[in-house]
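Asker: Let me begin by handing over the structure; questions about it come next.
The values are calculated or read from the model by the stated rules, or taken from the named source; none is laboratory data. In this text the structure is predicted, and so the values were computed from the model without any measurement. Cβ atoms come from the backbone with ideal geometry, glycine included; neighbour counts cover every protein chain shown. Side chains are part of the model used for accessible areas, which takes the heavy atoms of the whole protein and leaves out ligands, DNA and RNA. Shrake-Rupley method; radii C 1.70, N 1.55, O 1.52, S 1.80 Å.
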Amino acid sequence: MHIAAIALLVAVLVLLSAVCSGLNVALVSLDLADLRRKAKLGNRDAKAALPFRRNTHLSLVAILLTNIAVVSATSLVLDHAFAGNHLLAGFAAGAISTILIVIFGEVFPQAFFSRRALPLFAKLAPFMRVMIFVSYPLAKPLQLLLDRLLPRERAPLQSRQELGLIMAEHQNSSSSELDDDEVEIIRGALQLSEKRVRDIMTDIRHVYWLMPETLIDADRVDQIKEQGFSRIPIFDKALTRCYGVLLMKDLVDIDFDEQPQRVEDLPLYPSQLIGSMTALDTMFRKFIASGTHLLPVERDDKIAGIVTIEDLIEEIVGHEIEDETDRQLGRS
């Protein structure tokens, strides 16, 4: 055979080996759960690669069978090129084919494919179909055997700590689609189950509250206005019972100069007690279920403070939320 034809044939075989080796690395490096998510989002490369990753064993066997066939063919072609001396021919063919396959058929393609596994695998999907079709009579039985010996893998879920680290990577990367505020909100939400109500509640010493028998007159209304709160909890003197929450908007149409009234005679909205050790994600569900923005916090059978929906939002977003009244009163 002419030397140029041999060289060309060897180059084609080494290229095929490189493609097989790269596809092998790309296949095992693609995460099945990640591919499913990307495919659902419309990623074309993921859609092209997903069927092969689902049938990993069939794809893997087809790649390896093709690669072994190509390597063997390379050795045979080189052996034919050195046919003059059988001993030298075998040694030279083995040495040259080993060097060519290792360097150009294994090392470089694997390093290259590992960096761009998904797009390269997707582009070579038609070649994968050809390999599976050609090797199917042998590849299919091996796939069935492997499926029985090695059951289908379950996609692992990231832990809360791992998701937090992923968010930190987004925060530190200029190429992330998430801005800093989005990252902070997600990280704050992930930490809700690790924090307790006691960590964010307002201690009872700093809570403005009234008793049911408190008489609201003009002076009391002025005092309430100075506090700047839209909701006032109503407790007994011993701080063992919550009668509900008084909303300031319900007092707007009442003339307390002419008609002073007791708190218990005004409309009160029920509010459930919540334990100080309750996790914040559980507290979030309680806010939704109770339909109120303020919950009294109980500790050792006594009301120890209050927590509001605003406190929870501040914990999620990671900074204080000040309204007009807070700025006016200089309250943090």
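Asker: Which entry in (1) 41, 26, 14; (2) 30, 24, 23; (3) 76, 19, 15 is this structure's computed semi-axes √(5λ) of the Cα gyration tensor in Å?
Answerer: The value matching this structure is (3).
Asker: Given contacts defined as C-alpha pairs under 8 Å and at least six residues apart, what's the relative contact order of segment 212-332, whole-number percent?
Answerer: 22 percent
Asker: With all protein chains present and a 1.4 Å probe, how do R198, R44, R160 order by accessible area, largest first?
Answerer: The residues order as R44, R198, R160, largest area first.
Asker: Once every DSSP H run of n ≥ 4 in the chain is given -39500 (n - 2.57) and the sum is divided by its residues, what mean residue ellipticity at 222 nm do you get, rounded to the nearest 500 deg cm²/dmol?
Answerer: Helix contribution divided over all residues of the chain: -18000 deg cm²/dmol.
Asker: Quote the accessible area belonging to K302 in square angstrom, nearest 10, computed with a 1.4 Å probe and with ligands, DNA and RNA left uncounted.
Answerer: 100 Å²
Asker: Here's another thing I want to ask about it. Nearest 0.05, what FRET efficiency do E162 and R285 give at R0 = 30 Å with Cβ-Cβ as r?
Answerer: After rounding, the FRET efficiency stands at 0.80.
Asker: Can you give the FRET efficiency to the nearest 0.05 for E169 and I254, using r as the Cβ-Cβ distance and R₀ = 56 Å?
Answerer: Calculated transfer efficiency: 0.50.
Asker: Which value, in debye to the nearest 20, describes the size of the charge dipole of the chain about its Cα centre when Lys and Arg Cβ atoms bear +1, Asp and Glu Cβ atoms bear -1, and nothing else is charged?
Answerer: Taking the Cα centre of the chain as origin, the dipole is about 3180 debye.
Asker: A follow-up question, please. Could you name the lysines in cross-link range of K40, using Cα to Cα under 26 Å and dropping any fewer than eight places away on the same chain?
Answerer: K123
Asker: For the chain, what is the relative contact order in percent, using Cα pairs closer than 8 Å and at least 6 residues apart in sequence?
Answerer: Normalised by residue count, the contact order of the chain is 15 percent.
Asker: Hey, got the dipole for segment 180-261? About the Cα centre, +1 on K and R Cβ, -1 on D and E Cβ, debye to the nearest 20?
Answerer: 580 debye
Asker: What are the semi-axes of the equivalent ellipsoid of segment 4-83, taken as the square roots of 5 times the eigenvalues of the Cα gyration tensor, listed largest first and rounded to whole Å?
Answerer: Equivalent-ellipsoid dimensions as semi-axes: 35, 12, 7 Å.
Asker: Expressed as a whole percentage, what fraction of the accessible surface of the chain belongs to carbon and sulfur atoms when a 1.4 Å probe is rolled over the protein heavy atoms?
Answerer: 57 percent
Asker: If I model a spin label at R116 and A7 as a point 7 Å from the Cα along the Cα→Cβ vector, what separation in nanometres do I get?
Answerer: Placing both labels 7 Å along Cα→Cβ, they lie 2.8 nm apart.
Asker: How far apart, in nanometres, would the label points at T98 and D236 be if each is projected 7 angstrom from Cα along the Cα-to-Cβ direction?
Answerer: 9.1 nm
Asker: Hey, which lysines would be in cross-link range of K195, C-alpha to C-alpha under 22 Å, not counting anything within fewer than 8 residues on its own chain?
Answerer: Qualifying lysines at Cα under 22 Å: K286, K302.
Asker: Rounded to the nearest whole Å², what accessible area per residue is found for segment 182-261 with the 1.4 Å probe?
Answerer: Roughly 58 Å² per residue, with all protein chains present.
Asker: I've got another one for you. What are the equivalent ellipsoid semi-axes of segment 201-242, built from the alpha-carbon gyration tensor (square roots of five times its eigenvalues), in whole angstrom, biggest first?
Answerer: Rounded to whole Å, the semi-axes are 18, 14, 7.
Asker: Determine the shape class of segment 204-332: with a ≥ b ≥ c the square roots of the Cα gyration tensor eigenvalues, call it rounded for a/c under 1.5, and otherwise prolate if a/b is greater than b/c, oblate otherwise.
Answerer: Because a/c hits 1.5 or more and a/b fails to exceed b/c, segment 204-332 counts as oblate.
Asker: Would you mind checking which residues have amide H under 5 Å from R262's amide H? H placed 1.01 Å from N; only 5 or more apart, or other chain.
Answerer: Here the answer is I216, since their amide H atoms fall under 5 Å of that of R262.
Asker: In terms of solvent-accessible area of protein heavy atoms at a 1.4 angstrom probe, what is the ranking of H319, H170, H57, highest value first?
Answerer: H319, H170, H57
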